[in-house]
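The values are calculated or read from the model by the stated rules, or taken from the named source; none is laboratory data. What you see is a predicted model, and the numbers here were worked out from it, not measured in a lab. Reconstructed Cβ throughout: ideal geometry from the backbone, glycine too, with neighbour counts over all protein chains shown. Accessible surface areas use protein heavy atoms only, side chains included; no ligands, DNA or RNA. Shrake-Rupley method; radii C 1.70, N 1.55, O 1.52, S 1.80 Å.
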Amino acid sequence: MMVMGYLKDRLEKAAKETGENPPSWVSEKNASGAAWKCVEELRREKELFIRRHRTSTDFSIKKHYQIKGSEVARTLGMNRSALMNTSSFSGDLAQYIEAVNSELEKAKNEKLRRAQSPTPGGMHRSKKEDLIERVRLAEHRYDELKMRLEEPLNEIYDELPLPIKKKLGIA
């Protein structure tokens, strides 16, 4: 019994924190309640899509990360124009969907920004272009150091006496 009460309390607290309280225009007397719940469910799906994808090509199709009124109407089995244009709550619903879409767009852009910058996680997480550039820089640095060391070594070899050169196999 105590565990069940604890779980119910946690569920209520989580609902309050996540903003599960409907806006003022939502009513259970008309379809606005069902539409709001549908938008919230679609928002969770789109947020999950954004979390699981990281390249710009994953986001080339807007329906994967944006909510459209027609999608809400199709899910509810309603006419799109009745839901989005002629109902008393249509304007509020359209504004709400627009606000949700702007949040989703921000989340997508943030995800892409983080994915574009090199991550500290070793070479396995780096992009191919980054790795190629790192190898190119390393080769350039190697050639530079080799040229710097070559001159002093040649001077040292030139100054060695002939018997030592013979023992080293240089002469």
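Observations, loosely collected:
- Here the relative contact order of the chain, from alpha carbon pairs under 8 Å that lie six or more residues apart, stands at 17 percent.
- Stokes-Einstein translational diffusion, the stretch 25-116 - Kirkwood Rh over all Cα pairs, 0.692 mPa s, 37 °C, in µm²/s: 239
- Cβ-placed point charges (K, R +1; D, E -1), dipole of the stretch 69-119 about Cα centre in debye, nearest 20: 260
- When the Cα convex hull of the stretch 37-84 is projected onto planes of every orientation, the mean area is 3.4 nm².
- Across Glu105, Glu139, Glu41, mean-square fluctuation computed from a Gaussian network of the chain (C-alpha pairs under 10 Å connected) peaks at Glu139.
- Taking all protein chains as shown and a probe of 1.4 angstrom, Tyr96 keeps an accessible surface of around 40 Å².
- Accessible area, probe 1.4 Å, largest first, for residues Val135, Val39: Val135, Val39
- One Cα centroid belongs to the stretch 146-171, the other to the stretch 61-123; the line between them spans 71 Å.
- Ordering 153-166, 70-83 by mean Cβ neighbour count within 10 Å, with the highest value first, yields 70-83, 153-166.
- Rough spin-label spacing in nm, given labels placed 7 Å along Cα→Cβ, for Lys29 and Leu137: 6.6
- Cβ-derived FRET efficiency at R0 30 Å, Glu129 paired with Leu76, nearest 0.05: 0.10
- q = 0.20, 0.33 Å⁻¹: log10 I(q)/I(0) that the Debye formula gives for the stretch 123-168, counting C-alpha atoms only: -0.72, -1.04
- Three semi-axes describe the equivalent ellipsoid of the chain; taken as square roots of 5 times the Cα gyration tensor eigenvalues and ordered largest first, they are 68, 21, 11 Å.
- Helical content of the chain, expressed as a calculated mean residue ellipticity at 222 nm, amounts to -22000 deg cm²/dmol (DSSP H runs of 4 or more residues, -39,500 (n - 2.57) each, divided by residue number, nearest 500).
- A straight Cα-to-Cα reach below 21 Å connects Lys111 with the lysines Lys46, Lys62, Lys63, Lys127, Lys128, residues fewer than 8 places away in its own chain not being considered.
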